[in-house]
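The values are calculated or read from the model by the stated rules, or taken from the named source; none is laboratory data. All figures in this text were calculated on a predicted structure; none of them were measured in a lab. Cβ coordinates were reconstructed from backbone atoms using ideal geometry, including for glycine residues, and neighbour counts include every protein chain displayed. Calculation scope for accessible area: heavy atoms of the full protein, side chains included, ligands and nucleic acids excluded. Shrake-Rupley method; radii C 1.70, N 1.55, O 1.52, S 1.80 Å.
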Amino acid sequence: MQASSYAVEEHHNLPDLPGVYKYYNLENELIYVGKAKSLKKRVSSYFLKNTGVNYKTKRMVREIRKIEITIVDNEFDALLLENNLIKKTQPRYNILLKDDKTYPYLLLTNEPFPRIYPTRKMIPGRGSFYGPFASVKAMNNVLELIRSIFTIRTCRLDLSPTKIRDQKYKVCLEYHLGNCLGPCEGLQSEPDYLNEIEQAKNILKGNMGVAKTYFKKNMQDAAENLAFERAQYFKNKLELLEKYHAKSLITNPSISNLDVFGIETDDKTAYVNYLKIINGAVIITKTVELRKKLDETEAKLLLTAIVRLRDQFNSDAQEIIANIPLDEEFEGFNFSVPKIGDKKKLLELSLKNAKYYKKEKLLASGDVSDKKFRVLKQLQSDLSLKEMPDHIECFDNSNIQGTNSVASMVCFLNGKPAVKEYRHYHIKTVIGANDFASMTEVVGRRYQRLIEEEKPLPKLIVIDGGKGQLSSSVEALKELNIYGKIPIIGIAKRLEEIYFPEDQFPIHIDKKSESLRLIQRIRDEAHRFAITFHRQVRSKNAIGSKLTDIEGIGENTAGKLLSKFKSLKKIRESTLEEISSIVGKDKAEKVYDALKEKKSG
């Protein structure tokens, strides 16, 4: 394909055909590559549009001094050519897929008695490359499977027919271990060896079904010929293969070859997850980010990711699904946005991975618009927690001279108060002022309830108090067999020291730290909530005592009246009929007369 050059003012002379256009600046530097269904219409739009164009695009247009075009047969070819040119030249204004890793491959050599080994360098002529694999672990799992099922050599010997015939080599330990059948001494023929290589190729391509059929057939043939030891040999290989396949993320056997893409974006970046499905199993999962350059649409970013990831991971799947539609259709593949069924579930899995990747990237960079995640990440670091504490619960006790003992639990989700989850507790099993025993009771009651209701446990428990209160809370967790499953700390008021269970000395977080301020805020909220409840209980009990001083009025009657009227003043202001409707005429008259007397007195 020959490229043709045009000056900027000649853009209206471009052909009305599909192709790729390239923009160069004054220094003859390539600054942008694009594809078009109609080169004439697409390129002209850059120079004729005056409204609705963002600043970056206007700046790029001002830099253009030369246009080069390449005509192709159709728009899909233009898309592929655009991708190759961008990948090769990386122009300044094009979307770049941020991924500088060199991925591992498995190389099947083209020598006599081929070998299979890992490499990161794709050198033409050395053999067939399979991959790339998204991680070394994934590659090693496949290689380990192949070596456990097939007797493929691992040595680097030159096994030419002449050297084997001249008996240049002796078998090694791998032969005696049963991992190799000794082709170096001519103990295994090349056709027999290549037969195993052919089956290994199926696994390298992800075609597990073909390999399973091979072992199953050999097992049945051996059994029919009464070669039971050989039948058992093939059965063991089949079980290894099925065990490995079961570890793969299985989708649905009816879903054969499919590419799944989930895209999540923010103002500057797109995060795209890719799932490669072969024979009903997810064999590759990869998430990448793309930086926006010219305020590209989500569909444009998605299309860029689709082309580059399929190219990178050598996908030839005819069906592609994603969570948003594309702006245009291409003959090269069948694209859809599923609404129901197994494909919809796969799409949700992909999108979940994209969102998680975005969240982790933002947390790692500190570029988080919402402060809560940065603070929680800092708290996780300061307390050496395994997980980010996005669910924190804090306990506090309140009593005055041993009376009206109550406790509170406040809950913070994602660094913010979850008021609906707050709880008050009347202390039931402890007599007098015993903060330690009260804390054991309340913590035990809270998590016994969560366990019974199968609700999620918090990621961090904060106890308002020092070592004593913390130790008491730990006892409650031990009784429920959840100690060690939930991180728990105590915060002492005097020096704002943080205590961990079974640690003799506290830790001190920087007084200016956002994470300490979050703990203090949670502790203060628990204290406020406990004090408020304690005052309400004291007030209610005081009012109740005034009612129970009336002859013939017990705690049950006083409780009914307070529950309805809320205060002594409102009871006093109520009519006899209103009081009678709650406790009956006889008791109502006693209450009405007694309160009327006190009012007039």
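Computed extension gain for Leu450 through Glu9, at 0.36 nm per residue and net of the alpha carbon distance, reaches 151.5 nm. Electrostatic tally near Lys201: other residues with Cβ closer than 15 Å to its Cβ, Lys and Arg +1, Asp and Glu -1, net +2. The convex hull of the Cα atoms of segment 155-230, projected and averaged over all directions, covers 6.3 nm². Taking Cβ atoms as reference points and 13 Å as the exclusive limit, the residues near Val443 contribute a net charge of -2, counting Lys and Arg as +1 and Asp and Glu as -1.
Look at where the Cα atoms of segment 412-471 and of segment 195-226 average out, and the two centres are 59 Å apart. In a reduced charge model with +1 at each Lys and Arg Cβ and -1 at each Asp and Glu Cβ, the chain shows a dipole moment near 1340 debye about its Cα centre. Values [x] 45; [y] 67; [z] 55 are given for comparison; percent of Cα pairs over 33 Å apart, derived from the coordinates here, is the one labelled [y]. In this structure the amide hydrogen of Ile509, modeled in the peptide plane, comes within under 5 Å of the amide hydrogens of Ile498, none closer than 5 places in sequence on its chain.
For segment 87-92, putting each phi into the Karplus relation 6.51 cos²θ - 1.76 cosθ + 1.60 with θ = phi - 60° gives couplings of 4, 7, 9, 6, x, 4 Hz, in residue order, rounded to whole numbers and with x for Gly and Pro. Over the chain, dividing the summed -39,500 (n - 2.57) contributions of all DSSP H runs of at least 4 residues by the number of residues returns a 222 nm mean residue ellipticity of -14500 deg cm²/dmol.
For segment 483-527, the orientation-averaged shadow of the C-alpha convex hull comes to 3.7 nm² (one quarter of the hull surface). The simple spin-label model puts a point 7 Å past each Cα toward its Cβ; for Lys339 and Ile507 those points are separated by 5.2 nm. Farthest toward the dipole's positive end in segment 60-214, which of Leu85, Leu143, Asn179, given Cβ charges of +1 (Lys, Arg) and -1 (Asp, Glu) about the Cα centre? Towards the positive end, the residue furthest out is Leu85. When the alpha carbon gyration tensor of segment 83-241 is reduced to an equivalent ellipsoid, the three semi-axes, largest first, read 35, 22, 12 Å.
When the chain is described by a simple charge dipole with +1 on each Lys and Arg Cβ and -1 on each Asp and Glu Cβ, the residue from Thr70, Ser438, Phe500 located farthest towards its positive end is Ser438. Note on Ala299 and Met122: the extension gain reaches 60.5 nm, defined as 0.36 nm multiplied by sequence separation minus the Cα-Cα distance. Here the mean projected area of the convex hull built on the C-alpha positions of segment 407-469 is 4.9 nm². A Förster distance of 45 Å, applied to the separation of the beta-carbon atoms of His176 and Asp311, puts the FRET efficiency at 0.50. Share of carbon and sulfur in the accessible area of the chain stands at 49%, probe radius 1.4 Å. Excluding ligands, DNA and RNA, the accessible surface per residue across the chain is 54 Å² with a 1.4 Å probe.
With the charge dipole of the chain set up from +1 on Lys and Arg Cβ and -1 on Asp and Glu Cβ about the Cα centre, the Cα lying farthest toward the positive end among the listed residues Met122, Tyr592, Tyr193 is that of Tyr592. For the pair Lys168 and Glu242, label points projected 7 Å from Cα toward Cβ lie 4.4 nm apart. In sequence order, segment 465-482 has phi-based couplings of x, x, 5, x, 5, 5, 4, 5, 5, 4, 4, 5, 5, 5, 5, 8, 6, 10 Hz under the Karplus curve 6.51 cos²θ - 1.76 cosθ + 1.60, θ = phi - 60°, and Gly or Pro positions carry x.
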